[in-house]
1. Hey, in the GNM for the chain with a 10 angstrom Cα cutoff, which one of 81, 100, 120 fluctuates hardest?
2. Once the piece of chain linking residue 137 and residue 89 is laid out straight, how much longer is it, given 0.36 nm per residue of separation minus the C-alpha distance between them?
3. Using a cut-off of under 20 Å, list every residue of the stretch 24-42 whose amide N is near the label point 7 Å from the Cα of residue 117 along the Cα-to-beta-carbon line.
4. At 7 Å along Cα-to-Cβ for each site, give me the label-to-label distance between residue 44 and residue 5 in nm.
5. List the relative contact order of the stretch 2-100 as a percent without decimals, with contacts defined as Cα pairs under 8 Å and 6+ residues apart.
6. Between residue 78 and residue 160, what FRET efficiency comes out of the Förster formula 1/(1 + (r/R0)^6) with R0 = 35 Å and r the beta carbon distance, rounded to 0.05?
7. Beta carbons within 10 angstrom, averaged per residue: use that to sort the peptides 104-111, 200-207, highest first.
8. Between residue 124 and residue 26, what length in nm is gained on full extension when 0.36 nm per residue of separation is reduced by their alpha carbon distance?
């Protein structure tokens, strides 16, 4: 998972998302864990159809296949006619990609910050929204309201996304799908598989296989 800061915002990109940074935007990346990523540099003249501000873009299978092909063949610049055509398809795919402002938004709000930090430190924490509200001396309804206004999503959705990101770390370390599901608090693997596929577009087993073949 790539972590990048730009324009005062932290962007987290799991494998199914890319971070688009327009020309001239100051940005920096700090990753707390090893990360395998690919960077594409596009000349400004070719970016007119791409977003004007930093955002997350969905990575389509076609886009991934072209990138994998270039990496496998060691292509840094598309010079011959065939590779230039592939690059144009890649640019078209980026222009059509679904945009997201955040996958896992953060907040410095005095009520939300301790809750979000606590869950980032321990994604498997089973405390309910009511439990967290009591810890920060407020009501469950107040925390729920701030989640929507500050994060743009519910507490449940935010925690699911955090657990999805954590599940990738567990799978990369060799945990089986069933073990990962149990570590995340699921009683059986099927709900976890459904959750994982919702975000990644593939099953956890396919994700492990892709990592193994990378």
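What follows is calculated from the coordinates using simple rules that are stated; it is not laboratory data. Small disclaimer: the values here were computed from a predicted structure and weren't measured. So basically every Cβ, Gly included, is an ideal-geometry build from the backbone, and we count neighbours across all protein chains shown.
1. 81
2. Working: separation 48, 0.36 × 48 = 17.28 nm, distance 5.32 nm.
My answer for the length gained is 12.0 nm.
3. Backbone N within reach: 30-33.
4. It is 2.6 nm.
5. Details: 102 pairs, mean separation 29.9, N = 99.
Reported as a whole number, the value is 30 percent.
6. Numbers: r = 39 Å, r/R0 = 1.11.
In this case the efficiency is close to 0.35.
7. Numbers: 104-111: 15.4, 200-207: 17.2.
By packing density, highest mean first, the sequence is 200-207, 104-111.
8. On the way: separation 98, 0.36 × 98 = 35.28 nm, distance 3.42 nm.
Gain on extension, residue 124 to residue 26, equals 31.9 nm.
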